[in-house]
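Input: a single structure, listed below in structure tokens.
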Amino acid sequence: MKAGAVAVSGSGSSSASGATFPLAHFGLLAASGDPIDFYAQSQLSNGNPFYTRVWIPANTVITNLYCGVATAGTHDGATPGNRLALYDDSGNLVDQTNSDNTLWTSTGWRGGALSAGPVAAQSVGRWVYAGVITAGMTVAPAIAYPSSPADFAYQFTGPGLTKRRTFYAFSASFPATINPNTGGTGTSTGYTPLIGIN
């Protein structure tokens, strides 16, 4: 297995985020959802980053970011910029993984360490946004999404809330800030990427 890859394991339960079948089975401390529910897939185009909100439990150090890749893509061998990023809940860029031309050319959990090192734990749980972006892909990779996602308003926020669950934008790289609020950066969507954090 290549560096930066973690094997994707199947489960027979739909409660990976709970005590019955915890995320620890996948080697994760946090995720954008229960991996067993993410069995749909869709291609991720160049310059079309997706951002999704992820809950980080209290006392959790953030060291690595991963995305579930269902179908491998092909890279042009030259264009940099394939990576994942971590933003705080206000939309400020915290860090990102190093650019990796081979990031999306294999299936499984693809990603790796944040470039500036681990992000310290906090004594209370917190929200973050994780971003995923492709660059220089001549064949786009397909990443995992929840089964049968569709763009319904209830998937974007909850009653009285403004922070969106998932949105996508158009840019060649991750900006220093994003606006995660309703009407902010990009377009809201139900296509939530499978992001894992450990």
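The values are calculated or read from the model by the stated rules, or taken from the named source; none is laboratory data. Fair warning: this is a prediction, and the values are worked out from it, not measured in the lab. FYI the Cβ positions are ideal-geometry reconstructions off the backbone, even for glycines, and counts take in every protein chain you see.
Here are some conditions: (1) closer than 24 Å to ALA40 by Cβ; (2) touching a residue at least 60 places away in the same chain (Cβ under 8 Å); (3) buried (at least 17 other Cβ atoms within 10 Å of the Cβ). THR105 meets all but one. Which one does it not meet?
Exception for THR105: condition (2).
Can you report the number of residues in region 43-59 which are assigned to a loop (DSSP other than H, G, I, E, B), over 24 Å from ASP76 (Cα atoms) and in contact with a strand residue (DSSP E or B) (Cβ under 7 Å, 6 or more places away or on another chain)?
The initial filter retains those residues of region 43-59 that are assigned to a loop (DSSP other than H, G, I, E, B), namely 44-49, 57-59.
When the remaining residues are screened for being over 24 Å from ASP76 (Cα atoms), the result is 57-59.
From the residues that got through so far, the ones that are in contact with a strand residue (DSSP E or B) (Cβ under 7 Å, 6 or more places away or on another chain) too are 57.
Summing the residues that are assigned to a loop (DSSP other than H, G, I, E, B), over 24 Å from ASP76 (Cα atoms) and in contact with a strand residue (DSSP E or B) (Cβ under 7 Å, 6 or more places away or on another chain) in region 43-59 gives 1.
Going by what's in this entry, would VAL128 be described as part of a strand (DSSP E or B) and either at positive phi or in contact (Cβ under 8 Å) with a residue 40 or more places away in the chain (or both)? Walk me through it before giving the result.
On the way: part of a strand (DSSP E or B): yes; either at positive phi or in contact (Cβ under 8 Å) with a residue 40 or more places away in the chain (or both): yes.
When the stated conditions are applied, VAL128 passes them.
Taking region 122-161, which residues are at pLDDT 95 or above, more than 30 Å from THR79 (Cα to Cα), loosely packed, with under 12 Cβ neighbours inside 10 Å and of a type in the set (S, T, N, Q)?
Matches in region 122-161: SER123 only.
Is it the case that region 35-47 has a residue that's surrounded by 14 or more Cβ atoms within 10 Å (Cβ to Cβ) and within 17 Å of ASP88 (Cα to Cα)?
So far as region 35-47 goes, no, none of its residues is surrounded by 14 or more Cβ atoms within 10 Å (Cβ to Cβ) and within 17 Å of ASP88 (Cα to Cα).
Any chance region 175-186 includes a residue that's within 25 Å of PHE26 (Cβ to Cβ) and under 16 Å from the mean Cα position of the chain (by Cα)?
Going through region 175-186, the residues within 25 Å of PHE26 (Cβ to Cβ) turn out to be none.
The answer is no; no qualifying residue exists.
Out of curiosity, is GLY77 farther than 14 Å from ASN198 by Cα, in contact (Cβ under 8 Å) with a residue 12 or more places away in the chain and surrounded by fewer than 15 Cβ atoms within 10 Å (Cβ to Cβ)?
Working: farther than 14 Å from ASN198 by Cα: yes; in contact (Cβ under 8 Å) with a residue 12 or more places away in the chain: yes; surrounded by fewer than 15 Cβ atoms within 10 Å (Cβ to Cβ): yes.
Answer is yes for this residue.
Every residue in region 161-180 that is within 28 Å of ILE36 (Cα to Cα) and part of a strand (DSSP E or B), please.
So the first thing to find is which residues in region 161-180 are within 28 Å of ILE36 (Cα to Cα), and the list is 161-169, 180.
LYS163, THR166, PHE167, TYR168, listed by residue number.
Name every residue in region 60-74 that is in a loop (DSSP other than H, G, I, E, B) and either crowded, with 21+ Cβ neighbours inside 10 Å or touching a Ser or Thr at 6+ places or on another chain (Cβ under 8 Å) (or both), in order of residue number. Talk me through it step by step, then tell me what you get.
Initial filter on region 60-74 (in a loop (DSSP other than H, G, I, E, B)): 60-61, 63, 72-73.
Hits for region 60-74 are ALA72, GLY73.
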